[in-house]
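To start, the structure under review is shown below, and the notes come after it.
The values are calculated or read from the model by the stated rules, or taken from the named source; none is laboratory data. All of these numbers come straight from a predicted model, not from anything done at the bench. Note that we place each Cβ from the backbone using ideal geometry, even for glycine, and neighbour counts take in every protein chain shown. For accessibility, only protein heavy atoms count, side chains too; no ligands or nucleic acids. Shrake-Rupley method; radii C 1.70, N 1.55, O 1.52, S 1.80 Å.
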Amino acid sequence: ALTVENNNPNGTEQRPYFIGVDEYDIQLAAGETVYYHIRAIGKTLIVENANVEISYKGQTYAPEDDKIEILFTADQASGAPQTQTQTFAVVNKSSESQSLTLKWLSPLGSMENPIVVNTGAEETATVTGTTIVYYKWTATQNGTFTISSTSAKNNIYLLNLRSMSQTEPTEGKQSVSITVEQGDEVRIAVSVHGKVSSSAVNNIVFTASFE
């Protein structure tokens, strides 16, 4: 007789559920342990109002001030970090069911979690190699938003997320501007102009202004 093996995820260690989003609601029965798979290298798992424990890489994390935070780190011999799938378990040791939200936060300065810029304040972007540090600014009225930099290696471009208009990279020029309307969010991408080694660290100093 033909035996058909059921490989559908069921939350066990052998067949964990796969999570493909950065915010995920779960509910655990009293005493239940559920296993999950996720690609989240470099992101921090945050669980607030937590009355559970989380098992990850052989370590158990209990709430501190009703909160759990875990940085998901790459495995050395498991391929490119962005493709690595890792397993963790959520453990409910209480006698009551628990509802909670799992949230993964990208590193500050990434495209998914840009740094907020304030006009008039000097900012320093620490850029390693060919990486990009991302910032954001929101217009409170119509006008022109400008980024100025005296760093010779600056390479900065602006993108208006609502109108999708964007500037050319500065490539060492001292300033770049974009027209905005009230409520527009501007994404600011800061990198290094010219050839740079993957390990080189450059500090790009810039200031935002609006008129």
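Can you confirm whether the range 21-28 contains a residue that is closer than 12 Å to residue 102 by Cα, open to solvent by less than 100 Å² (accessible area, probe 1.4 Å) and of a type in the set (D, E, K, R)? Walk me through it before giving the result.
Residues of the range 21-28 that are closer than 12 Å to residue 102 by Cα, as a first pass: 21-27.
From the residues that got through so far, the ones that are open to solvent by less than 100 Å² (accessible area, probe 1.4 Å) too are 21-22, 24, 26.
So of that shortlist, the ones also of a type in the set (D, E, K, R) come out as 22.
Looking through the range 21-28, at least one residue is closer than 12 Å to residue 102 by Cα, open to solvent by less than 100 Å² (accessible area, probe 1.4 Å) and of a type in the set (D, E, K, R).
From (1) within 26 Å of residue 43 (Cβ to Cβ); (2) β-branched (Val, Ile, Thr); (3) surrounded by fewer than 16 Cβ atoms within 10 Å (Cβ to Cβ), pick out the condition that doesn't hold for residue 144.
It is condition (1) that residue 144 fails.
All but one of (1) over 30 Å from residue 44 (Cβ atoms); (2) under 23 Å from the mean Cα position of the chain (by Cα); (3) hydrophobic (A, V, I, L, M, F, W, C) hold for residue 137, so report the exception by its number.
It fails just one condition, (1).
Looking only at strands (runs of 3 or more DSSP E) that lie completely in the range 18-124, which have at least 2 residues being more than 17 Å from the chain's Cα centre (by Cα) and in contact (Cβ under 8 Å) with a residue 40 or more places away in the chain? Quick ask: steps written out before the conclusion?
Numbers: elements: 23-28, 33-38, 44-48, 53-56, 59-61, 67-71, 86-91, 98-105.
By residue number, 23-28, 33-38, 86-91, 98-105.
Would you check if residue 129 is open to solvent by less than 30 Å² (accessible area, probe 1.4 Å), out of contact with any Gly (no Cβ under 8 Å at 6 or more places or on another chain) and closer than 30 Å to residue 40 by Cα? Walk me through it before giving the result.
Working: open to solvent by less than 30 Å² (accessible area, probe 1.4 Å): yes; out of contact with any Gly (no Cβ under 8 Å at 6 or more places or on another chain): yes; closer than 30 Å to residue 40 by Cα: yes.
Criteria met by residue 129.
Confirm whether residue 106 is under 30 Å from residue 45 (Cα atoms) and either open to solvent by 90 Å² or more (accessible area, probe 1.4 Å) or in contact with a helix residue (DSSP H, G or I) (Cβ under 7 Å, 6 or more places away or on another chain) (or both).
In short, no.
Output the residue which, of all residues in the range 33-52 that are surrounded by fewer than 17 Cβ atoms within 10 Å (Cβ to Cβ) and of a type in the set (D, E, K, R), is farthest from residue 103 (Cα to Cα).
Out of the qualifying residues, it is 39.
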